[in-house]
Ligand code: ADP
Ligand code: XUL
């Protein structure tokens, strides 16, 4: 472990978030209580040569959804170039980060040499050109591993065992089933793989120029880590693929600095050679930190590419239906998480189909259809859904009124939040207040619908990118700060942003929830 510098004044901490659609950075100065600089690279618009307008390769077969890890590296160079124009990166004391969860990067024996030679490289793309034993990385949207999930479950004598060890039943997007599928489909490629990283630990490793552990929060999204022991689970490893333990990095808390930044970043972007690198966590655990929700009692809903619903938990409680997951809480203990694949991409699909802008989803437009609240149902799935499992590529509707564009928008949003309410009931928490984040949270109309469907007040925080903020707070905590004090400073709700539920709609939505569940049951069993 590398000790962090001891000065107490104006230390700065960098948080990075490598999410599905973008890589972003946020630098905080805790002593001054301010965000010093922010920058972002959008994979679709800034790196069009990768043909991934939404951050992944759009032509996957059999449910495969992959992204090019080289795109993430090029984005890192671009991002740090942008950030270094805004501030002196030599002031940064420590870096922490987060990544889209579950995605995996497969590296061959050239990787360690590329890491140690990084200091003299000109760019990340050329430095890492020969290091991938699998050219593309499966990401969290991949649903291709149904067969492997069945095999792992059988080998472990049932879902209950997999769930009690790892916090989730075998899940298609989780890393273990993905590794198994690769080892079966391309045994040669697997044999040539010397190291497998998550998206998070891969970026941290490149920054440090040496292998950085996988953090417990993100490691729990692999179906490979034993939640109680916080270590790789021998049984799960064996059930997944041969020789897996020697291919996985160590596990660690994201709060421990594990190295300093590689001399490549010192020379190219002006980082201090003492700048510490912490293990990166998953975007959802980082968001839990950035939303000020690391202590039990707060519910967070994130409306990003996927929609997620999560909360801190003192004890790991598991979802009997198998849709919910238990991950590590960066502050210690656990968090529950439910992921809905049809989040912003479904909202965008309807917006584009109707040829409207986001204003059609905003308060002004939604108020016009208030009288129809809960009366027209939509199963809001434009692509395969994971909560619940659903393989249709277009939404199913049951309208009691004449179909109009405005009603379709209201009904889609209501369907998304009714589905969320239905599938989070197992957590047994009636949300008293919901903290909302993610790109769509800034839309007042969407935020008001969350308040109305859940019948709970909704608040939004000043900093929009909660995962990058959470990562910066992790870096600051690893550097000697403590979460509670830092969260009081940085996780304030935007003045005037609190939205109260329209209590007149409580009845409409409790009826709609029952009808929605029936429609779901009918369609799934059809
Ligand atoms: P991720 O972190 O998963 O890449 P973000 O949390 O950054 O995603 O959210 C990006 C999404 O936010 C975009 O795909 C877009 O659909 C959505 N978004 C941005 N602005 C609005 C808005 N005003 N109304 C609704 N959705 C929006
Ligand atoms: C969580 C999940 C997504 C990704 C991408 O299980 O799959 O939320 O982390 O954001």
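Where a number appears in this text, it was derived from the coordinates with a stated rule and is not lab data. Keep in mind that this is a model prediction, so the values were computed, not measured. We place every Cβ from the backbone using ideal geometry, glycine too, and count neighbours over all the protein chains shown.
Some observations on this one:
- Rounded to 5, percent antiparallel among DSSP beta bridges of the chain: 70 percent
- Cα centroids of region 374-389 and region 114-144: 36 Å apart.
- Extension gain for the segment residue 317 to residue 59, taken as residue separation times 0.36 nm less the Cα-Cα distance, is 89.2 nm to one decimal.
- When 22, 287 are sorted by how many other C-beta atoms sit within 10 angstrom of their C-beta, beginning with the fewest, the order is 22, 287.
- Neighbour-count ranking [beta-carbon atoms within 10 angstrom, fewest first] of 188, 155, 74: 188, 155, 74
- Helices in the chain, meaning DSSP H runs of at least 4 residues, each add -39500 (n - 2.57). Divided by all residues, the mean residue ellipticity at 222 nm is -10500 deg cm²/dmol.
- Centre separation in Å (Cα based) which lies between region 257-293 and region 157-176: 30 Å
- Gyration tensor verdict on region 229-314 (Cα atoms; rounded if a/c is under 1.5, prolate if a/b is larger than b/c, oblate otherwise): oblate
- A simple spin-label model places pseudo-atoms 7 Å from Cα toward Cβ; at residue 358 and residue 88 they are separated by 3.6 nm.
- Segment residue 518-residue 34, extension gain: residue separation times 0.36 nm, minus the distance between their alpha carbons: 169.4 nm
- Length added when fully stretched, residue 135-residue 188, from 0.36 nm per residue minus Cα-Cα: 17.7 nm
- FRET efficiency for residue 370 and residue 492, using Cβ-Cβ distance with R0 set to 41 Å, rounded to 0.05: 0.85
- Counting neighbouring Cβ atoms within 10 Å and putting the fewest first, the residues 335, 78 line up as 78, 335.
- If R0 is 45 Å, the Cβ-Cβ spacing of residue 10 and residue 404 corresponds to a FRET efficiency of close to 0.20.
- Here the relative contact order of the chain, from alpha carbon pairs under 8 Å that lie six or more residues apart, stands at 16 percent.
- Mean-position separation - Cα centroids, region 421-453 and region 303-340, in angstrom: 15 Å
- Placing a pseudo-label 7 Å from each Cα along the Cα-to-Cβ vector at residue 394 and residue 503 gives an inter-label distance of 4.3 nm.
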